[in-house]
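Asks: Structure below; questions to follow.
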Amino acid sequence: MDQTKAVWLKKCKDYSRDSLEDVLSQIFEESGVTKDLRKGMTVIVKPNLIMASSPDNGIISHPDFVGTICSLVKKIGCRVIVAESSGGVYSIASVRSVFAGSGYFSAADKYGFELNIDCETSAIESPNAEVCKSFTVLKPFTEGDYIIDVAKLKTHSMMLYTGCVKNMFGVIPGLQKPQMHLRFPEYSKFGKMLVDLCESVKPNFSLIDGIDGLEGNGPTAGNKRHIGLVIAGRNPYDTDIVGAEAIGIKMNEVTYLRNALDRGLCSGSIDDIEIIGENLEDVRIKDFKRPDSKGLNLAGKIPDLIKAFDGCAIHRRPEVIQKLCIGCGKCAESCPKHTISLINGKARINDSNCIRCYCCQEMCPHRAIKIKKYIFG
Ligand code: SF4
Ligand code: SF4
């Protein structure tokens, strides 16, 4: 087995200590992660904490999943720091609030890892990037010796799927994320930027917490679904190909995976990946619900002209459900086009400026934004 090319697909029934230790220590041994790490190294762990959310909602990387990884790394004698920038403002108060609201302070005590609270940032230059040649990122990602990417298995209203590669977007501090949407409003360019970012930060190992995932209007407004899988590998793109396939999404439907393939960064198809553990056909969930923002899988099935037209028709528009909106303003704060205003304590979207990034739906803590379906825009 070539450890650099293999992807681990393992069943894990729940977040109990025994189940997690069993599966994750097996993956670390078989993949050679335990041999990579040396006493005294600083390991940075990047969970998906898109917003403060109870681990029971299926939105964030579960703190026990992350904590078990950290405890395995700690056993080797490494220092472990968990670092993340959620959506919204990046400040010490907001970082503390997200860690607290997601159970990460208690996990840090239980498993002995540190939380990155200080909000310092650094620049990374990426001369070989396709669309984005420099990034501002959270400082630990430029200073650590080893980076472990811990994503959550979810659908995504904008990108259709979110796993290891999209998870790295959280290394960009707070409100610089909407700025990236503004710079790269087309989905294909945004996907290229994600690949540029992933290549710049270069996680050494990637895992997906797919024990409970999120289906429907991910990454935050969907519904939890038990999947019972852990997916992991050294190549974040191949790991994502397997993660996406496990919930019925093909790699050619995900813009950043198509771009990674064009750059020769991933396998050409799911059949080219050596999967260790479960047989994919036995564990794939065929009826995993897709976001309302996405239509049928038309990739490769219809001519380009119709596809372009389909883009207009399928990318449906966000709409505020007035009775659920409490006027908190989080959608307006995250809207890259500043096209949301608060009028009489309710959010209102000016559709003419909207770029269909769906950050508003993503950041609304009250599920007050739905994607309105219409056929001929
Ligand atoms: S739509 Fe959601 S995020 Fe926006 S103001 Fe209303 S409750 Fe807040
Ligand atoms: S209204 Fe929503 S979907 Fe439209 S640009 Fe703003 S955040 Fe993006």
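The values are calculated or read from the model by the stated rules, or taken from the named source; none is laboratory data. Source: prediction; values computed, not measured. For neighbour counting, all protein chains shown are included, and Cβ atoms are generated from backbone atoms with ideal geometry for every residue, glycine included.
Asks: Out of (1) touching a Ser or Thr at 6+ places or on another chain (Cβ under 7 Å); (2) within 15 Å of ligand 2 (Cβ to nearest atom); (3) not aliphatic (A, V, I, L, M), the odd one out for Phe184 is which?
Replies: Condition not satisfied by Phe184: (1).
Asks: In the list Asp271, Asp240, which residue meets the criterion of being under 29 Å from Gly32 (Cα atoms), assigned to a helix (DSSP H, G or I) and under 16 Å from the mean Cα position of the chain (by Cα)? Walk me through it before giving the result.
Replies: Numbers: Asp271 fails: under 16 Å from the mean Cα position of the chain (by Cα).
After ruling out the rest, the residue left standing is Asp240.
Asks: Please specify each residue of the stretch 9-18 satisfying the condition of being under 19 Å from Asp64 (Cβ atoms) and part of a strand (DSSP E or B).
Replies: Of everything in the stretch 9-18, those that are under 19 Å from Asp64 (Cβ atoms) and part of a strand (DSSP E or B) turn out to be Lys10, Lys11.
Asks: When the stretch 122-163 is examined, which residues are found to be more than 30 Å from Gly228 (Cα to Cα) and surrounded by 20 or more Cβ atoms within 10 Å (Cβ to Cβ)?
Replies: Phe135, Val137, Leu138, Pro140, Gly144
Matching residues to (1) more than 24 Å from the chain's Cα centre (by Cα); (2) within 11 Å of ligand 2 (Cβ to nearest atom); (3) within 20 Å of Tyr90 (Cα to Cα):
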| residue | (1), (2), (3) |
| --- | --- |
| Gly329 | no, no, yes |
| Lys337 | no, yes, yes |
| Ile340 | yes, yes, no |
| Asn344 | yes, no, no |
| Cys360 | no, yes, yes |
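Asks: Which ones in the stretch 35-56 are of a type outside the set (Asp, Glu), more than 19 Å from Val82 (Cβ to Cβ) and not in a loop (DSSP other than H, G, I, E, B)?
Replies: Passing the criteria: only Lys35.
Conditions (1) within 13 Å of ligand 1 (Cβ to nearest atom); (2) part of a loop (DSSP other than H, G, I, E, B), marked per residue:
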| residue | (1), (2) |
| --- | --- |
| Lys323 | yes, yes |
| Gly327 | yes, yes |
| Glu333 | yes, no |
| Leu342 | yes, no |
| Ser352 | no, no |
| Arg356 | no, yes |
| Gln361 | yes, no |
| Arg367 | yes, yes |
| Lys370 | yes, no |
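Asks: Taking the stretch 222-239 only, how many residues are touching a Cys at 6+ places or on another chain (Cβ under 9 Å) and either modelled with pLDDT under 95 or surrounded by fewer than 24 Cβ atoms within 10 Å (Cβ to Cβ) (or both)?
Replies: 2
Asks: Taking the residues in the stretch 47-61 that are crowded, with 23+ Cβ neighbours inside 10 Å and under 22 Å from Lys11 (Cα atoms) as candidates, determine which candidate is nearest to the chain's Cα centre (by Cα).
Replies: Asn48
Asks: Quick test for you: out of Asp36, Asp18, pick the one residue that is surrounded by fewer than 21 Cβ atoms within 10 Å (Cβ to Cβ) and touching a strand residue (DSSP E or B) at 6+ places or on another chain (Cβ under 9 Å). Explain how you work it out, then say what you get.
Replies: Numbers: Asp18 fails: touching a strand residue (DSSP E or B) at 6+ places or on another chain (Cβ under 9 Å).
The match here is Asp36.
Asks: Taking the stretch 183-234, which residues are within 12 Å of Thr155 (Cα to Cα) and not in a strand (DSSP E or B)?
Replies: Matches in the stretch 183-234: Gly216, Asn217, Gly218, Pro219, Thr220, Ala221, Gly222.
Asks: Starting from the stretch 1-17, keep only residues that are farther than 21 Å from Gly213 by Cβ and touching a residue at least 60 places away in the same chain (Cβ under 8 Å), then list their pairs with residues that are surrounded by 11 or more Cβ atoms within 10 Å (Cβ to Cβ) and of a type in the set (S, T, N, Q) whose Cβ atoms are within a distance under 8 Å, requiring at least 6 positions of separation or different chains.
Replies: Listed pairs, sorted by first residue: Gln3/Ser31; Thr4/Asn235; Lys5/Asn235; Lys5/Ser267; Ala6/Ser31.
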